Structures are given as C-alpha cells and as structure tokens.
Amino acid sequence: MTLHRPRRVLATKADRQMWSYLVHGELRLQRCAKCRAYRFPPAGVCEACLSEDWTWEATAGEGTVLSWVTYHRAYFPMIECPYTVVVAQTPEGVPLTADYVGDAGALATGDHVVLQYDDATFDDDGGSSKLYRWSSV
Ligand SMILES: [Zn+2]
C-alpha cells in the first residue's frame, strides 16, 4: 500500500513524533502532562487546558464504532475506490478516524473494532512505515 504524507516542511513536532512510533507499528496517543487528557490527531497544545507539555502513551488498539462513510471518489490517485473510513471511540476517550478493512455493509454503530497495522510505502521518498486501520473482530 502507498501512503501520501504531508510535506515534511509542514509537519509539526507532534506529527513527526507520531510517525516515529508508527514506523515500528505502534500508534501512540498524546496525553496532556497537566490535565491528563488524551488527544488525537497530534497537536502542539492541549485543547482542554492549553498546556504545551505532553507524553506519548500506547493506545489499547480498540474502539467502538461511532460512524463511518464509504467514499466512491479518490482524493489521492493511489487510493482504490470504494473505501471506507470509520470513526471509533477508543477506551482512552479519543474518537479515532482510520480506514476500515472489512465488509462495510456489515458495519453497525457500537461494533467493536481493533487496529491493525499494515506495511506502507510513502509516495514522496519511497520510505516505509505502518498504516493503522480499523478492522472487525
Ligand atoms: Zn490539558
């Protein structure tokens, strides 16, 4: 699978740290060092208390389906259509959006999903990483 990566000059410190964990097949969530709130996607400030200090913590790798959408038009040429994106609530309290692997026609709100990590290659420099995606259990 090929991944599109935002231009490196635009990547924030938090983005770069997230990708450094993904290379090893691990999705970590930022956790505010002050109020302990989790957040995703990566951001430089806590939206709850505006603290700029955080730690990275491993996610449980599971969630409960809140919603999903199936796209029939690709926004990047390397993506095959149709594809489905799921938003699932993690035990850490973060709604996490990711591609879905499986039969989208069988999805239901409240379904239990788990993260899977697949090999991926970047379209900009040919580097590799892991891609996290939701799948049904
Ligand atoms: Zn905070």
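The values are calculated or read from the model by the stated rules, or taken from the named source; none is laboratory data. What you see is a predicted model; the values in this text were computed from it and never measured. Heads up, the Cβs are rebuilt from the backbone with ideal geometry, glycines too, and the neighbour counts pull from every protein chain shown.
Considering only residues that are of a type in the set (D, E, K, R) and either modelled with pLDDT under 95 or more than 16 Å from the ligand (Cβ to nearest atom) (or both), which ones fall in segment 48-92? Write out each step before concluding.
Taking segment 48-92 and keeping what is of a type in the set (D, E, K, R), we get 52-53, 57, 62, 73, 80, 92.
Across segment 48-92, the qualifying residues are GLU62, ARG73, GLU80.
Would you mind telling me which numbered condition in (1) in contact with a strand residue (DSSP E or B) (Cβ under 7 Å, 6 or more places away or on another chain); (2) assigned to a loop (DSSP other than H, G, I, E, B) TRP56 fails?
With (1) in contact with a strand residue (DSSP E or B) (Cβ under 7 Å, 6 or more places away or on another chain); (2) assigned to a loop (DSSP other than H, G, I, E, B) applied to TRP56, the lone miss is (2).
Do we find a residue being crowded, with 17+ Cβ neighbours inside 10 Å, within 16 Å of the chain's Cα centre (by Cα) and at pLDDT 95 or above anywhere in segment 118-131?
Within segment 118-131, none of the residues are crowded, with 17+ Cβ neighbours inside 10 Å, within 16 Å of the chain's Cα centre (by Cα) and at pLDDT 95 or above.
For segment 14-28, state whether one or more residues are surrounded by fewer than 17 Cβ atoms within 10 Å (Cβ to Cβ), away from the ligand (no atom under 16 Å from the Cβ), within 19 Å of LEU131 (Cβ to Cβ) and of a type in the set (Lys, Arg).
yes
If I ask for residues that are loosely packed, with under 12 Cβ neighbours inside 10 Å and among the small types (Gly, Ala, Ser), which ones from segment 29-59 would you list?
Answer for segment 29-59, where residues must be loosely packed, with under 12 Cβ neighbours inside 10 Å and among the small types (Gly, Ala, Ser): GLY44, ALA58.
Out of all the residues in segment 1-38, which are within 22 Å of TYR100 (Cβ to Cβ) and either outside any loop (DSSP other than H, G, I, E, B) or modelled with pLDDT of 85 or more (or both)?
THR2, LEU3, MET18, TRP19, TYR21, LEU22, GLY25, GLU26, LEU27, ARG28, LEU29, TYR38
Give segment 29-45 a look and list any residue that's under 22 Å from GLY63 (Cα atoms), within 9 Å of the ligand (Cβ to nearest atom) and of a type outside the set (D, E, K, R), or say none.
Within segment 29-45, CYS32, ALA37 qualify.
Of all the residues that make up segment 102-116, how many are out of contact with any Asp or Glu (no Cβ under 8 Å at 6 or more places or on another chain) and either surrounded by 15 or more Cβ atoms within 10 Å (Cβ to Cβ) or at positive phi (or both)?
Adding up the residues that qualify gives 6.
Between a first residue in segment 121-137 that is under 25 Å from TRP68 (Cβ atoms) and a second residue that is in a strand (DSSP E or B) and of a type in the set (Lys, Arg), which pairs have beta carbons less than 8 Å apart while being 6 or more apart in sequence or on different chains?
Taking only residues 6 or more apart or on different chains, not a single pair turns up.
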